[in-house]
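Trainee: Pasting in a structure now, in structure tokens, and then I'll have a few things to ask.
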Amino acid sequence: MGSITLKQVTKSFGKVNVIKPIDLEIKDGEFIVFVGPSGCGKSTLLRMIAGLEDTTSGTIEIDGQDATDTPPAKRGLAMVFQSYALYPHMTVRNNIAFPLKQAKLSPEEIDKKIANAAKILNLDTYLDRKPGQLSGGQRQRVAIGRAIVRQPSAFLFDEPLSNLDASLRVNMRLEISELHKSLATTMVYVTHDQVEAMTMADRIAVFNAGIIEQVGTPLELYNKPVNQFVAGFIGSPK
Ligand code: ADP
Ligand code: MG
């Protein structure tokens with residue numbers, strides 16, 4: 001569970017083509033990072049995988065099934081945003097419970113899942129606070145907790161740490177990497193930060209103006225960049 005295959009996927013907004021035909025196989029359980037400069041189409045492609053944007057052409061398969069026209073809630077994926085997207089008037093507990101209540105789980109099941117997520121993410125002490133009473137890092141943990149309880153087949157992260165200060169960012173990187181190790185669930189992680197990409201990824205896809213220039217492990221990209229753009233972006237001496 002958790003493979004995602006893109007076949008000749010494109011996206012245009014009106015007449016503007018922002019994603020050129022992209023083919024990509026994301027393997028079950030891998031941590032893949034989409035990296036590239038601002039405006040190159042990373043978020044758009046992630047949102048297409050999530051089903052939040054439709055595809056102009058091409059197909060998206062999830063676990064081998066065509067999901068191109070499947071609504072977001074039925075894709076079995078969970079997205080974590082830079083802006084956290086928490087409900088300000090609800091407590092942490094209720095923010096996490098919200099998708100579970102919508103899915104009509106029993107109160108007992110909901111409590112169990114929240115307790116589990118709280119343990120993984122150290123949320124216990126602030127379950128009854130509201131988002132406004134939390135730090136940025138705590139809010140991002142809640143947003144991740146809300147994703148975890150849904151037991152998605154893949155997590156989709158869009159620059160989840162860019163609102164955090166530098167030292168917290170380093171901690172949260174480690175936490176997300178640890179989470180990936182313990183859950184062994186596919187993670188697709190968008191960032192414009194090369195260091196984040198190099199330190200977190202099993203594989204990196206380097207984006208440039210609507211195409212993927214190269215996909216490979218951090219070492220492959222560093223040692224054998226296919227062109228000047230990849231070399232320049234990843235920082236190898238070629
Ligand atoms: P990135 O996440 O890599 O910074 P985006 O995927 O957000 O880039 O954007 C890629 C391109 O698509 C940009 O030129 C952006 O202006 C354009 N774009 C994104 N969303 C829309 C939209 N809803 N309508 C029109 N253009 C959009
Ligand atoms: Mg973006």
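What follows is calculated from the coordinates using simple rules that are stated; it is not laboratory data. Just so it is clear, the structure is predicted and the values come from calculations on it, not from any experiment. Don't worry about glycine lacking a Cβ; one is built from the backbone with ideal geometry, like all the others, and counts go over all protein chains shown.
Trainee: Between N223 and V170, what FRET efficiency follows from the Cβ-Cβ distance if R0 is 25 Å, with the result rounded to 0.05?
Mentor: It comes to 0.50.
Trainee: If I fit a long axis through the Cα atoms of helix 107-121 and take the longest principal axis of the Cα atoms of the chain, what angle between them do I get, 0 to 90°, rounded to 10?
Mentor: Result, in degrees: 60.
Trainee: If I model a spin label as a point 7 Å beyond the Cα along the Cα-Cβ vector, how far apart are those points for D23 and N94 in nm?
Mentor: That separation, rounded to one decimal, is 5.0 nm.
Trainee: Once each part is reduced to its C-alpha centroid, what is the distance from the range 91-154 to the range 197-238 in angstrom?
Mentor: So the separation of the two Cα centres works out to 35 Å.
Trainee: As a footprinting exposure proxy, order D128, D193 by other Cβ within 10 Å, with the fewest listed first.
Mentor: Going from sparsest to densest Cβ surroundings: D128, D193.
Trainee: Then there is this: Helix 136-148: angle to the longest alpha-carbon principal axis of the chain, degrees 0 to 90, nearest 10?
Mentor: The angle comes out near 90 degrees.
Trainee: Once the Cα atoms of helix 166-183 and of the chain are each reduced to a long axis, what angle between those two axes, in degrees from 0 to 90 to the nearest 10, is obtained?
Mentor: 80 degrees
Trainee: Let me ask something additional. Kindly provide the helix-only [θ] at 222 nm of the chain, computed as the sum of -39,500 (n - 2.57) over DSSP H runs of four or more divided by all residues, to the nearest 500 deg cm²/dmol?
Mentor: For the chain, the value works out to -11000 deg cm²/dmol.
Trainee: At q = 0.18 Å⁻¹, what is the log10 ratio I(q)/I(0) for the chain, with the Debye formula run over Cα points and no solvent?
Mentor: -1.40
Trainee: Sorting check: for 179-186, 77-84, which peptide has the highest mean count of neighbouring beta carbons within 10 Å, and how do the rest follow?
Mentor: Result, highest mean first: 77-84, 179-186.
Trainee: Under the Karplus relation 6.51 cos²θ - 1.76 cosθ + 1.60, θ = phi - 60°, what is the ordered set of whole-Hz ³J(HN,Hα) values for the range 154-160, x standing for Gly and Pro?
Mentor: 8, 9, 10, 10, 10, 6, x
Trainee: How high is the relative contact order of the range 76-181, in percent, with contacts defined as C-alpha pairs under 8 Å that are six or more residues apart?
Mentor: Relative CO of the range 76-181 lands at 45 percent.
Trainee: Only Cα pairs under 8 Å and at least 6 apart count here; give the relative contact order of the chain as a rounded whole percent.
Mentor: With pairs under 8 Å counted, the relative contact order is 27 percent.
Trainee: Would you tally the net charge around Q82, using a Cβ to Cβ cut-off of less than 10 Å, leaving Q82 out, and scoring K and R as +1, D and E as -1?
Mentor: In short, -2.
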